[in-house]
Every structure is written in C-alpha cells, then in structure tokens.
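Laboratory data are not the source of any read-out in this text; all were calculated from the coordinates shown. These numbers were taken from a predicted model, which means no experiment stands behind them. Note that each Cβ is placed from the backbone with ideal geometry, even for glycine, and that neighbours are counted across all protein chains shown.
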Amino acid sequence: MTVKISHTQDVQNLFREACGLNNEQGSPRLKQLMLRIVGDAAKIIEDLQVSDDEFWQAVDYLNRLGARSEFGLLVPGLGLEHFLDLLQDAKDAEAGLSGGTPRTIEGPLYVAGAPLAEGEVRMDDGSEPDATVMFLAGVVRDTQGKPVAGAVVDLWHANTKGNYSYFDQSQSDYNLRRRIVTDAEGRYRARSIVPSGYGCDPQGPTQECLDLLGRHGQRPAHIHFFISAPGHRHLTTQINLAGDQYLWDDFAYATREGLVGDIQFVEDEAAARDRGIQGPRFAELTFDFQLQKAPQAKAERRNARPRALQQA
C-alpha cells in the first residue's frame, strides 16, 4: 500500500512555512521556486516509494558532488544544459528569430580574463613540444554575410591530456585561453595545439552516477567559444572535432549539426617550415561564425552564470 500525504493541508502548511511564504522578508522568486522544488521532491518520495536509506544516500551523494565542485559537470551529463539550449531554440522559433551559428553548452571550465589580442594570437605556452600544432582561423559574419569587425572571440580548450589551465595547476596561467578581436574583415586567427577529448574522473561522483546509469563519461576533442559584438546577440558555442570516436556520443550532449570542425592534418615539412614550426606535421582548422542581431540590448551579453576568474 502506498501512503500519500503531501497533498494534505498540514503538509502543505509545513512546506509553505519552510519556504518562507508566511513572512515578508527574503526573495519572493526564490520562495516560489523552493516551494515547487520541495513539493515535487515530496511527490517523488511518495510516488516512487523512496526508502529512508535511498533518501539519505542521495543526500550524501549531493554532499560529495558539491565538495568536488562537480555539479557543473553532472548537469550537462544529465542533459539539462542541452535542454536549456533546446528551450532557447524553441523560444527563438516562437519569436521568429532564426539564423546564426547554433548555440551549444558552455560547460564548467571557462575562466574569465584571458589575454586580449588583435586579429591573431598564439594560445599555447610551448610546454607540450610533442603536441601537434594547430592553426585555427575563420571569419565572424552577421546573418547577411557581412563581416563583423571588432567582435571578441573568446576561446578555450584542453591540452593533449584533456586538462584545462587554472583547474590543472601544472599548466601556466591562461594556457590555451585567449580573446581575439576580429580585424576589419571579421577575421580571427590563432596558433594552438590539437586538443584531446577527456573523460570524467573515474573515481569522482559524476562518473559514479553515470556508472549506475550504464553510461560512459567521455567527451570528444572540442574548442569552446564565446563570441560577442555590439549590436549582435552573444553566442555560446563550441566546435567538436571531426573524426573523434565520441563525436556523436558525447556524454555532455554538446555536438550539434553545424558545429563539427573538419580538422585537416598536413604532412609537409616544407609547408611546416614556412609556417614557422619544426617537424613535418601540423593541423589546420577553419571555422566561420554567424551572429544574429540582438533583439534587445541584454542579448548582447552572456548570462550571469558564476564563473572562475584568474587572479593576477
């Protein structure tokens, strides 16, 4: 027999009191959200007959997830960050907004304040001499095909071990993180290294959850982008590299049509020498972006998600 009491007046009064609905202080919006969260949690406990052991195991899991700062990793792994993109796509369609490079998830590893350069930049610090040099270039345009001069291309990616600077203390500050201001033709250019994909820590709580769901925690090699320009809608997106075994099996659901980078590997010692590198092999990746016009000023800015800031 399933006993259900969440609908009773006594329990509803309890939750309203717990969520601050009986006072005039605090945040009305948070109260509204918290009442829904607490009420839905109670219904889940009742409907799925969650035992006390299961409940407290879940509390312990959330404690461990937070202690490892992995909430931002589990959210895309459960499809919720991709859902936010799909929801915004649907809102755009309803509002008649179309065109532009597809959005996709930001992920949890952005760091604000990367060095700013005009037109062209080198992203790596040279600490991985065996890495394959990658030349990345493209043009930022509007939806009419006109180049956007002065756009800021803020990009970041992992090293050959799948690790990101700031979170990986072995790397120098802002390694593989740069901001590039496009030139008069809307062009950006960067010399970097071919990144590696990565997986969740096999001993961490995110992978623990994925294991219980029968899923892997692997991501394909990819490059993250924020692109912004006055009068244009801020774009959060990423390029996922063609040929990676996890390209269409990304645990974070970030790969989308229109966001696959066709990276080309070149074996030509003379061409490599002409580009200022030793060894016969390097990679080239060209990817252009289209920005929508901003329907209102706030659309020019990225969302207010809390992010890491490198300290000087």
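Once Lys and Arg get +1 and Asp and Glu get -1 on their Cβ, which of TYR110, GLY145, PHE55 lies farthest toward the positive end of the dipole of the chain?
Among TYR110, GLY145, PHE55, the one farthest towards the positive end of the dipole of the chain is GLY145.
Helix 9-18 against the longest principal axis of the chain: what's the angle in degrees, Cα atoms only, rounded to the nearest 10?
Helix 9-18 sits roughly 50 degrees off the main axis of the chain.
May I ask for the percentage of alpha-carbon pairs in the chain that lie more than 23 Å from each other?
Values: 31358 of 48516 pairs.
Everything past 23 Å amounts to 65 percent.
Under 21 Å between alpha carbons: how many lysine pairs meet that in the chain, if sequence neighbours fewer than 8 apart on the same chain are excluded? Provide the component values of the computation, followed by the final result.
Working: LYS4/LYS43; LYS31/LYS43; LYS91/LYS293; LYS91/LYS298; LYS146/LYS293.
Eligible lysine pairs with Cα atoms under 21 Å apart amount to 5.
Counting other beta carbons within 10 Å of each residue's own, what order do TRP156, TRP56 fall into, fewest first?
Working: TRP156 25, TRP56 10.
Going from sparsest to densest Cβ surroundings: TRP56, TRP156.
How do GLU257, GLU81 rank when sorted from fewest to most other Cβ atoms within 10 Å of their own Cβ? Walk me through the intermediate numbers first.
On the way: GLU257 6, GLU81 21.
Ascending number of Cβ neighbours within 10 Å: GLU257, GLU81.
Going by alpha carbons, how many degrees (0 to 90, nearest 10) lie between the helix axis of 80-95 and the longest principal axis of the chain?
For 80-95 against the chain, the angle is about 80 degrees.
Between the helical axis of 52-67 and the dominant principal axis of the chain, each derived from Cα atoms, what acute angle in degrees is found, rounded to the nearest 10?
For helix 52-67, the angle is close to 30 degrees.
For each of LEU285, LEU48, count neighbouring Cβ atoms within 10 Å of the residue's Cβ, then give the residues from fewest to most.
Working: LEU285 20, LEU48 10.
By the 10 Å Cβ count, ascending, the order reads LEU48, LEU285.
Given +1 on the Cβ of Lys and Arg, -1 on the Cβ of Asp and Glu, and no further charges, what dipole in debye does the chain carry about its Cα centre, rounded to the nearest 20?
Values: 33 positive and 44 negative charges, 225 e Å.
The calculation lands at about 1080 debye.
Relative to the Cα centre, what is the charge dipole magnitude of the range 9-50, using +1 at the beta carbon of each Lys and Arg, -1 at the beta carbon of each Asp and Glu, and rounding to the nearest 20 debye? Don't skip to the end; give the middle numbers.
Working: 5 positive and 6 negative charges, 43 e Å.
Using only the charged Cβ atoms, the result is roughly 200 debye.
Sort 176-187, 196-207 by the packing proxy (mean of other Cβ within 10 Å over each peptide's residues), most packed first. Each step should come with its number before you reach the end.
On the way: 176-187: 19.5, 196-207: 17.7.
Final packing ranking: 176-187, 196-207.
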